[in-house]
1. Among what's in region 81-90 and is surrounded by 15 or more Cβ atoms within 10 Å (Cβ to Cβ) and aliphatic (A, V, I, L, M), pick the residue that is farthest from Ala325 (Cα to Cα).
2. For region 321-330, state whether one or more residues are at pLDDT below 90, open to solvent by 20 Å² or more (accessible area, probe 1.4 Å) and in a helix (DSSP H, G or I).
3. Would you confirm whether any residue within region 342-353 is more than 30 Å from Thr116 (Cα to Cα) and at pLDDT 95 or above?
4. Could you tell me whether any residue of region 98-117 is over 20 Å from the mean Cα position of the chain (by Cα) and open to solvent by 10 Å² or more (accessible area, probe 1.4 Å)?
5. Consider region 39-52. How many of its residues are open to solvent by less than 60 Å² (accessible area, probe 1.4 Å) and either more than 17 Å from the chain's Cα centre (by Cα) or of a type in the set (A, V, I, L, M, F, W, C) (or both)?
6. Examine region 136-143 for a residue that is at pLDDT 80 or above, crowded, with 22+ Cβ neighbours inside 10 Å, within 13 Å of the chain's Cα centre (by Cα) and within 19 Å of Val163 (Cβ to Cβ), and state whether such a residue exists.
7. Given (1) surrounded by fewer than 24 Cβ atoms within 10 Å (Cβ to Cβ); (2) farther than 17 Å from Trp336 by Cβ, identify the lone condition not met by Asn55.
Amino acid sequence: MPYYWRLSGFYLCYFSVLGTLVPYWGLYLQGEGFSAAQIGLLMAVPQITKLGAPNLWGWLADRTGQRLRVIRGGNLAAALVFISVFFVDGFWAMLAVLAGFSFFWNAVLAQFEVVTLNLLGDRSHRYALVRLWGSVGFIIAVLWLGAALDHLPVTLVPWTLLVLLWVLWLCTLAIPSLPARRPQKARTSLLAMLRRRDVQVFLACAFLMQFSHGPYYTFYTIYLDELGISRGQAGMLWALGVLAEVLLFLVMPRLLTGFSLRSLLVVSLLLAALRWLLIGTLAEQMAVLVFAQLLHAASFGSFHATAIAWVHRHFGGEHAGQGQALYASFGFGAGWAVGASLSGLMWERLGADSYLIAAGAALLGAVLALKALHSPVVPN
């Protein structure tokens, strides 16, 4: 595949950042004295900015054709703004820094997905073989930092993030600059596409899937800590889930050419519901936690790869950037933000029972996809 290692290197570094931010930023905030409700809101900030920021950057990239420049500029600005995290004190100051950082950070991934799919061309169904390196990066980060935090203070987390952000910016410089192209006038307006029922149902499913991850992304490490599981073991559980995701990505090209996109989305949502049910009711049993982490292959891996394929096929080249941005906004933006915020508000009262609400959300998404989403298989 063209530019395979350059593209893979970007995903490796990008998800190393997430492998640091998602499992351990809550612990860092807890160490800084923030309450559970404040942690939930602060963890939701990057997703709240994702409601609008990716659409702005997607519109700019589609209109100018300078997609790689948008990616590089967004990454550089995010790294610069993040430096402020070492000088802030208090909830509102931290919220402002995270909002500024994530506004630029959210320029990066959705547009890079378009770059990757364009470079893959007629082999776009092999996207998962590139994206799996992101999972590898997540595993490396979560294992290394989990082990390190058993012996070092939690203040290591922001320093690790800062270094990774700058390394990621260097990775964007290695991607070849393609000639800027102004797309032809769209045959169908974006607003008209958003009126289509299948598009609305797909975005609702993306929202519900990410909403269901709220307690997991916000409190899973804290929850394991309360159960007496060490941070090193917690890191291994996070890594196990992403390892299952990697193995899924290896077979994803065959799944995408052998099954309908609707079927893959429905099964992913059903297995996500099972995962949250197990974590919410049987987390004291390590074997159950291990099995639940293996289901990350479905709740993230197969759902995300299928969703990327769905957007690529239904939005086409004329709305490619905005299509990926909408998926990011409704799923990783609105869904994650609402899920994280509500889990923060509910955690002190409901604790692990929050996962039962998450299971219900994923189940609702499966019902919606089964009844109202129609899509043929992805062609070879």
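1. By that ranking, first place goes to Val88.
2. Within region 321-330, one or more residues are at pLDDT below 90, open to solvent by 20 Å² or more (accessible area, probe 1.4 Å) and in a helix (DSSP H, G or I).
3. Taking region 342-353 as the starting set, the residues that turn out to be more than 30 Å from Thr116 (Cα to Cα) are 342-353.
Okay, now just the ones that are also at pLDDT 95 or above, so none.
Checking region 342-353: not a single residue is more than 30 Å from Thr116 (Cα to Cα) and at pLDDT 95 or above.
4. From region 98-117, those over 20 Å from the mean Cα position of the chain (by Cα) are none; that's our starting set.
The answer is no; no qualifying residue exists.
5. We begin by selecting, within region 39-52, every residue open to solvent by less than 60 Å² (accessible area, probe 1.4 Å); these are 39-40, 42-47, 49-50, 52.
Then keep just the ones that are either more than 17 Å from the chain's Cα centre (by Cα) or of a type in the set (A, V, I, L, M, F, W, C) (or both); that gives 39, 42-45.
Residues meeting the conditions: 5.
6. So far as region 136-143 goes, yes, one or more of its residues are at pLDDT 80 or above, crowded, with 22+ Cβ neighbours inside 10 Å, within 13 Å of the chain's Cα centre (by Cα) and within 19 Å of Val163 (Cβ to Cβ).
7. For Asn55, the failing item is (2).
Rundown of residues vs (1) out of contact with any Pro (no Cβ under 6 Å at 6 or more places or on another chain); (2) of a type outside the set (D, E, K, R); (3) open to solvent by less than 20 Å² (accessible area, probe 1.4 Å); (4) at pLDDT below 85, yes/no style:
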| position | (1), (2), (3), (4) |
| --- | --- |
| Arg196 | yes, no, no, yes |
| Leu203 | yes, yes, yes, no |
| Ser212 | yes, yes, yes, no |
| Pro215 | yes, yes, yes, no |
| Leu224 | yes, yes, yes, no |
| Gly228 | yes, yes, no, no |
| Gln233 | yes, yes, no, no |
| Leu250 | yes, yes, no, no |
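The values are calculated or read from the model by the stated rules, or taken from the named source; none is laboratory data. Values in this document were obtained by computation on a predicted structure and should not be read as measured data. Heads up, the Cβs are rebuilt from the backbone with ideal geometry, glycines too, and the neighbour counts pull from every protein chain shown. These accessible areas exclude ligands, DNA and RNA; they are computed on the full protein's heavy atoms, side chains included. Shrake-Rupley method; radii C 1.70, N 1.55, O 1.52, S 1.80 Å.
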